């Protein structure tokens, strides 16, 4: 039975006409919805995810659809980013699971890895997210808006209002920025409809 790709992240589809056709890096690619979509639109795609099942699914989809996608299993903190190599970098809800300092370092690597005129699309959870409110009520933070679970062996870090914008200075042009609440049905670990607080940004590198 063939696996069908999910729809791409809306901002990827919306900004597609403004992205120079070339090399893409999809960070924390999940089930490959963005990687598959971009490969179908004649982009050369590199992707990685820490979950080997996700990587296997992307490879299966790429094979079924006769697409070339270089997908591998990797932790973002161990991934070797290439300097000024990519025309598009995606980090869609994939940088929450780290300490704040590691998040800042990863954003810097994204900035360094973009070509001039390259675009990055990044999204993350904000302090208005239900998970942040839940964690704040049961755990002490280990840093600014950051929590750690010993039992799950993982971090969560959340964004303050306007924080994501502040990582991009004069060498970057902000093409889009929005903070919003989205209502979602229950999923693993959460029952019933609930709000997610999301910050989304699309930036273009205008200088080295």
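The values are calculated or read from the model by the stated rules, or taken from the named source; none is laboratory data. Quantities reported herein were computed from a predicted structural model and do not represent experimental measurements. Note that we place each Cβ from the backbone using ideal geometry, even for glycine, and neighbour counts take in every protein chain shown.
Restrict the check to region 4-24 and report whether at least one residue is touching a helix residue (DSSP H, G or I) at 6+ places or on another chain (Cβ under 9 Å), surrounded by 15 or more Cβ atoms within 10 Å (Cβ to Cβ) and assigned to a strand (DSSP E or B).
If we filter region 4-24 for residues that are touching a helix residue (DSSP H, G or I) at 6+ places or on another chain (Cβ under 9 Å), which is where we start, we get 4-9, 12-13, 16, 19, 24.
Checking the rest, the ones that are also surrounded by 15 or more Cβ atoms within 10 Å (Cβ to Cβ) come to 5, 8-9, 12, 16, 19, 24.
Then keep just the ones that are assigned to a strand (DSSP E or B); that gives 24.
Yes, some residue in region 4-24 is touching a helix residue (DSSP H, G or I) at 6+ places or on another chain (Cβ under 9 Å), surrounded by 15 or more Cβ atoms within 10 Å (Cβ to Cβ) and assigned to a strand (DSSP E or B).
Confirm whether residue 119 is more than 30 Å from residue 24 (Cα to Cα) and modelled with pLDDT of 95 or more. Break it down into steps so the answer makes sense when it comes.
Details: more than 30 Å from residue 24 (Cα to Cα): no; modelled with pLDDT of 95 or more: yes.
Spelling it out, it is not the case that residue 119 is more than 30 Å from residue 24 (Cα to Cα) and modelled with pLDDT of 95 or more.
Just give me the residues in region 58-108 being in a strand (DSSP E or B) and within 27 Å of residue 131 (Cβ to Cβ), in sequence order. Give the derivation first.
If we filter region 58-108 for residues that are in a strand (DSSP E or B), which is where we start, we get 69-73, 86-92.
Hits for region 58-108 are 73, 89, 90, 91, 92.
From the residues in region 33-56 that are without any contact (Cβ under 8 Å) to a residue 24 or more places away in the chain and either touching a helix residue (DSSP H, G or I) at 6+ places or on another chain (Cβ under 8 Å) or assigned to a loop (DSSP other than H, G, I, E, B) (or both), which one is nearest to residue 78 (Cα to Cα)?
Selected residue: 51.
Within the set of pairs 6+ apart or on separate chains, which have a first residue in region 123-149 that is touching a residue at least 24 places away in the same chain (Cβ under 8 Å), a second that is surrounded by fewer than 19 Cβ atoms within 10 Å (Cβ to Cβ) and part of a helix (DSSP H, G or I), and C-beta atoms under 8 Å apart?
Close Cβ pairs (under 8 Å, with a partner that is surrounded by fewer than 19 Cβ atoms within 10 Å (Cβ to Cβ) and part of a helix (DSSP H, G or I)) amount to 125/131; 143/100; 143/101; 144/100; 145/100; 146/100.
Which one of 80, 105, 109 is free of Cβ contacts under 8 Å to residues at least 12 places away in the same chain and within 24 Å of residue 147 (Cβ to Cβ)?
Result of the check over 80, 105, 109: 105.
Can you tell me which of 38, 95, 90, 61 is farther than 21 Å from residue 205 by Cα and crowded, with 21+ Cβ neighbours inside 10 Å? Show your work before the answer.
Numbers: 38 fails: farther than 21 Å from residue 205 by Cα; 95 fails: farther than 21 Å from residue 205 by Cα; 90 fails: farther than 21 Å from residue 205 by Cα.
Just a single option satisfies the conditions, and that option is 61.
Give the residues of region 128-147 that are outside any helix (DSSP H, G or I) and in contact with a strand residue (DSSP E or B) (Cβ under 7 Å, 6 or more places away or on another chain), sorted by residue number.
Going residue by residue through region 128-147, those that are outside any helix (DSSP H, G or I) are 128-129, 139-147.
If the condition is that a residue be outside any helix (DSSP H, G or I) and in contact with a strand residue (DSSP E or B) (Cβ under 7 Å, 6 or more places away or on another chain), then 128, 129, 139, 141, 142, 145, 146, 147 are the ones that fit.
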